[in-house]
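Quick notes on the structure that follows.
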Amino acid sequence: MPPSYSAQLYYKYVLAVLLILCASAGCGDAQLTPTFYDETCPNATSIVRGVIEEALQTDPRITASLTRLHFHDCFVNGCDGSILLDNSTNPNSTIDSEKTALANNNSARGFDVVDNIKTALENACPAVVSCADILAIAAEESVALSGGPSWTVLLGRRDSLTANRTAANEDLPAPTFTLDQLEASFLAVGLNTTDLVALSGAHTFGRARCLTFTDRLYNFSGTGSPDPTLNSTYLETLSEICPLNGNGSVLTNLDPVTPDTFDANYFSNLQVEEGLLQSDQELFSTSGADTIDIVNNFSANQSAFFENFGESMIKMGNISPLTGTEGEIRLNCRRVNGESYGLTTTLVADTASDHGMSRCDSRGSSGGGSSIAGTYGGTGLEIELVGGVVDTGPVQEHVDCAQGPIGTGTGPDCGANEAAEAGADADCGMKGEKGKEWWWAGGVISLELASCGVMVDVGAQENREQKEDEKKRTKAEQTKS
């Protein structure tokens, strides 16, 4: 933890931090609304779209993958971004990642693109847009970019503080579900039969692994025979792709006709018994089912499908969201804020009114600061107000101070008088150009935001080494492949 400071805390300093907190947390609005980020991050949707468009250049599957992430997030404890959390590396935490649940393990993907979206949003609007909302926006933009409908995305979700792998194993519909099981699964989260058919239509794009449907080819329900509702020609095609005792990780298109386009072909496929998964074909081949008429309607009328899909996505996106002061706004979608960069959980705020400028040249005259109660952007991290924004003397630049440990005076512009008290100068080791790292009592502050802005997190040195190791492993894997 950073050392404490003793100095008079001016009212304007307190007000500045409170304004930061309120603007970031969306004070006074605890309900989902399409205008939630209009003031705090007006370009959020276009930023998300831009990152997805870039990802599409090399990964045609990414739009289907991102849409699926939102679905798998909402069905487990509500739309709270919990699917994005990695297993905890903190011995005092018990986060058991949903990524390793049966329905997600080696299947759910697109997490790197979510990371890129989060980075872009943090650069534009620090600690404002939640990871849960990123998934909601990304799903809509992904569908629209693939030729499907657009809909009004309600926003204002906050991020969970934990994950629930047990619930993921129990609550996510399986590809082997019967229609009764599917309807029960959807009803449990407040979705009806029309929602079930409409949302299943998301299987109009994307891929599935052989292991999710090989029983239909060779041993349906333990009969030792293929699924009788599977078109015989399609069966032959799938058997070539997924031979008996073959590689279960081999991928095939959910829609063999337009695999990367969001359209109504999914329902036409069901009508000719070419639904890839059992859970797909159940919608049309279950005798007397009320889903049959809905499938026929969506197959004949793509506009009706698009309209119902958008409505069902809005309903799904409203499953038990965290709002108001619940949860947090994660700074890293893979970790709760206390673990973002280590075990230290103090965040540092710069109260300079012009903290968006490219160089940092405001300086505190008192040479101190004071801890205040509260959290930044609803992150759950303490705010440490360091130094001031008003200087009785001439303005000085100290952007190079960060090259030395805080309070040691070893950085190029850090004089001994400024190092007399740790953190004596608000600029010395606290501000600088984006991308640099600041050392504080053995920890690292990683500045990922705009120059002279808010320091995002404080963490332990070992985490920096861990990140370097991860980079090396990734590079080695890329070289190997």
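Here is how the numbers come out for the structure above:
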{"quantity": "Amide hydrogen neighbours beyond the local backbone of Leu322, cut-off 5 Å, H modeled", "calculated": "Arg158"}
{"quantity": "Stretch gain in nm, segment Glu326-Glu39, where the contour uses 0.36 nm per residue and the Cα spacing is subtracted", "calculated": "101.2 nm"}
{"quantity": "Three-way shape label, the stretch 113-152, alpha-carbon gyration tensor, a/c 1.5", "calculated": "prolate"}
{"quantity": "Rounded to whole Hz, the Karplus (6.51, -1.76, 1.60) HN-Hα couplings of the stretch 303-316, x for glycine and proline", "calculated": "4, 5, 4, 4, 5, 5, 4, x, 5, 6, 5, 5, 4, 4"}
{"quantity": "Length gained when the stretch Thr229-Asn92 is fully extended (0.36 nm per residue, less Cα-Cα span)", "calculated": "44.3 nm"}
{"quantity": "Protection proxy ranking, peptides 39-47, 193-201, average beta carbon neighbours within 10 Å, highest first", "calculated": "193-201, 39-47"}
{"quantity": "Packing-based exposure ordering (other Cβ within 10 Å, fewest first) of Arg157, Arg207, Arg335", "calculated": "Arg207, Arg335, Arg157"}
{"quantity": "Dipole of the stretch 176-308, positive end: most advanced residue of Leu244, Ser285, Gln181 [Cβ charges, Cα centre]", "calculated": "Leu244"}
{"quantity": "Per-residue Cβ neighbour rank within 10 angstrom, fewest leading, Cys131, Cys125", "calculated": "Cys125, Cys131"}
{"quantity": "Rounded if a/c under 1.5, otherwise prolate or oblate - the stretch 45-178, Cα gyration tensor axes", "calculated": "oblate"}
{"quantity": "More than 24 angstrom apart: percent of Cα pairs within the stretch 176-308", "calculated": "26 percent"}
{"quantity": "Ascending count of other beta-carbon atoms within 10 Å, so fewest first, for Val257, Val76", "calculated": "Val257, Val76"}
{"quantity": "Proximal charge balance of Leu102 [Cβ under 12 Å; K/R count +1, D/E count -1]", "calculated": "-1"}
{"quantity": "Most to least packed among 62-70, 97-105, 265-273 [average Cβ atoms within 10 Å]", "calculated": "62-70, 265-273, 97-105"}
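Every number in this text was worked out from the coordinates using simple rules, so none of it is lab data. Fair warning: this is a prediction, and the values are worked out from it, not measured in the lab. Backbone-built Cβ (ideal geometry, glycine too); neighbour counts: all protein chains shown.
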